Amino acid sequence: LTAADCAIMVLDAAKGIEPQTLKLFEVCRLRDIPIITFINKLDREAQDPMALLDDIASRLQLDPAPIWWPAESGNRLRGMVEVGTGRFQPYTRKAAGAAEDPEHPAALPLDQAAQYFEAGEQDALTEAVELVEGGYPAFDRQAFLEGHMTPVLWGSALRHFGIDELLKAIGDWAPAPKVMKARKEAPPETRNAPAPVETEVEPGSNEVTGFVFKVQANMDPNHRDRIAMFRMASGAFKRGMKLKVQNTGKSLSVNAPIMFFASDRELADDAFAGDVIGIPNHGVLRVGDSLSESGVVRFAGLPNFAPEILQRVRVKDPLKAKHLKKALEGLAEEGVTQLFRPEIGADFIVGAVGQLQFEVMADRLGEEYGLDVVFEPSPYAEARWIAPAPGGGEADLEDFMGKYRPQMARDIDQAPVFLAKSSWETGYVGERFPKVAFTKTKERG
């Protein structure tokens, strides 16, 4: 998300806003990323549409602006109507035993669509749309771009219903690559380096600049490749260019950049601001690294959030313990899960937002690394990064770490982490050690 100029928030029409949605929304809020909302799975029974919009307004503090309004859901789904124009898009249900979904009929005015409704349904939909038009704000693109409003569309991705409308909304409203805040700063250990200077990088600037927002390993299992996803912020990139890594000062020749489209990949001869290219490398690039032709442009780091679930992980074959360490570090570098190594003990603690991440992790450890692993409950409930608070210093940090050594760990970047046994303990140590800051987020890079 940190590489995106606009985000699509997909909600389940039956479940609404889920915990992982809130975490991702925090990233959008930090970066002022405009959000288009698509409420999916209308072909199944759904919550009341107004309840879903009220949930967005109350929990996300966003003004929802309905662009379309559904005519029921599940087996009663008739279609949807465009708010403001009264244009009705009918829905055709897939017949039992059919191999492919049927084409949905062409849109037509709602008052001419009586053949798609049963008695009373058309009048009820007309009344609902009038209520929506009077009760919710009309779409304002400026408010959307500022992150205060989200246009809401509905549909079913499985039945390809509402997808064309979503794509049109993206084309009409998604912003162009934006100006990005950065800092001109010499690489570490540069002698007589000038003081860092805050700056802004315009998409139309001549210098090629950008940052690594993701590292993906084993995209091609036959070659054990490792590809850094590089989001361009400015300039016109040409294959073979040399870029410098601000964080390390190293120079990198990008001779085989890759463009991705779903599962397809091809060599990129050129790229421009807003594009994402894959840079094959073997550990030279990490998430959060800034690259540029001059080597002095540094973008803000990427946020890491404290996990919701912490578990121990061990490999069933003790002889593969070293292999497990390498595999866990690789997956943590990609962002699949977060990895914490306790100061005392040999167990690895992995953290995730939801249980699904552990399932993905176990699958990849087995498929890509040949490791049969077991996840076990850990004695810890929360993880917090620690640093000196305002008015505190390194001595205060060392004092705390010494007193809570059994609960101290290091993350993938070797930053100190406190593993609390309960949320009460997190609050207790925060009050007892006011000169130590306990944070839920950390920037990488």
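To the nearest 0.05, how large is the calculated FRET efficiency for Asp264 and Arg191 if R₀ is 45 Å and r is the Cβ-Cβ distance? It would help to have the intermediate numbers written out before the result.
On the way: r = 46 Å, r/R0 = 1.03.
Efficiency, from the Cβ-Cβ distance: 0.45.
Within 10 Å of each candidate Cβ there may be at most 16 other Cβ atoms; applying that plus a DSSP loop requirement, which GluC sites (Glu not before Pro) in segment 332-373 survive?
Numbers: sites: Glu333, Glu334, Glu343, Glu359, Glu367, Glu368; in loops: Glu343.
Those satisfying the criteria are Glu343.
Using only Cα atoms and rounding to the nearest 10 degrees, what angle (0 to 90) does helix 49-60 make with the longest principal axis of the chain?
20
Tell me which lysines have Cα within less than 23 Å of Lys435's Cα, excluding those fewer than 8 residues away on the same chain?
Lys403, Lys421
As a test, work out the antiparallel percent of DSSP beta bridges whose residues both lie in the chain, rounded to the nearest 5. Could the numbers behind the result be given before it?
Numbers: 78 of 91 bridges.
Expressed as a percentage, antiparallel bridges in the chain total about 85.
If a paramagnetic tag sat 7 Å from the Cα of Asp413 along the Cα-Cβ line, which residues of segment 279-308 would have the backbone N under 19 Å from that point?
283-292, 296-308
Which residue, Ala389, Tyr136, Gly86, has the largest displacement toward the positive end of the dipole of the chain when charges sit on each Cβ (Lys, Arg +1; Asp, Glu -1)?
The listed residue farthest towards the positive side: Ala389.
Relative to the longest principal Cα axis of the chain, at what angle does helix 355-369 sit, 0 to 90 degrees, rounded to 10?
Helix 355-369 sits roughly 60 degrees off the main axis of the chain.
Once both axes come from the Cα atoms, what is the angle between helix 19-31 and the longest principal axis of the chain, in degrees from 0 to 90, rounded to 10?
70
Please list, by residue number, every one of the trypsin sites (Lys or Arg not before Pro) in segment 137-223 that is coil in DSSP and has at most 13 other beta-carbon atoms within 10 Å.
Passing sites in segment 137-223 are Arg191.
Multiplying the sequence separation of Asp317 and Glu394 by 0.36 nm and subtracting their Cα-Cα distance, what value in nm do you get? Before the final figure, lay out the partial values.
On the way: separation 77, 0.36 × 77 = 27.72 nm, distance 4.05 nm.
Stretched fully, the Asp317-Glu394 segment lengthens by 23.7 nm.
Provide the gained length on full extension for the span His160 to Glu368, in nm with one decimal, where the gain is 0.36 nm per separating residue minus the Cα-Cα distance. Write down the numbers at each step before the final one.
Numbers: separation 208, 0.36 × 208 = 74.88 nm, distance 3.31 nm.
Roughly 71.6 nm would be gained on extension.
Report relative contact order for segment 129-231 in percent, whole number only (criteria: Cα-Cα under 8 Å, sequence separation at least 6). Intermediate values should be presented prior to the final figure.
Details: 85 pairs, mean separation 14.1, N = 103.
Relative contact order, segment 129-231: 14 percent.
What spacing in nm lies between the two simple spin-label points modelled at Arg405 and Arg239, each 7 Å away from Cα in the Cβ direction?
Distance between the two pseudo-spin positions: 5.6 nm.
Once both labels are modelled 7 Å past Cα along the beta-carbon direction, what's the Tyr428-Asp347 spacing in nm?
Output for this residue pair reads 1.9 nm.
Sorting Met361, Met259 on the 10 Å Cβ count, fewest up front, what's the list? Write out the running numbers ahead of the final one.
Values: Met361 22, Met259 16.
Ascending number of Cβ neighbours within 10 Å: Met259, Met361.
Per DSSP H run of at least 4 residues, take -39500 (n - 2.57); add these up for the chain, divide by its residues and hand me the 222 nm value, nearest 500 deg cm²/dmol. If you can, show how the numbers build up before the last one.
On the way: 9 runs with 105 residues, N = 445.
Taken over the chain, the calculation gives -7500 deg cm²/dmol.
What percent does the relative contact order of the chain come to when contacts are Cα pairs within less than 8 Å and at least six residues apart? Could the numbers behind the result be given before it?
Working: 894 pairs, mean separation 50.1, N = 445.
Dividing the mean separation by the residue count of the chain yields 11 percent.
Would you mind computing, in nm to one decimal, how far apart the modelled labels at Ala14 and Ala387 are, each placed 7 Å from Cα along Cα→Cβ?
Computed distance between label sites Ala14 and Ala387 equals 4.3 nm.
Any idea which of Leu252, Val201, Asn40 is furthest toward the positive side of the dipole for the chain, if Lys and Arg beta-carbons carry +1 and Asp and Glu beta-carbons -1?
The Cα lying farthest towards the positive end belongs to Leu252.
For segment 63-142, which GluC sites (Glu not before Pro) are both in a DSSP coil and crowded by at most 14 other Cβ atoms within 10 Å?
Working: sites: Glu72, Glu82, Glu100, Glu103, Glu118, Glu121, Glu127, Glu130, Glu133; in loops: Glu72, Glu100, Glu103, Glu118.
Hits after loop and neighbour filter: Glu100, Glu103, Glu118.
Since every read-out is calculated from the coordinates, none of them should be taken as a lab result. It should be emphasised that the depicted structure is a prediction, and the values quoted were computed from it without experimental measurement. FYI the Cβ positions are ideal-geometry reconstructions off the backbone, even for glycines, and counts take in every protein chain you see.
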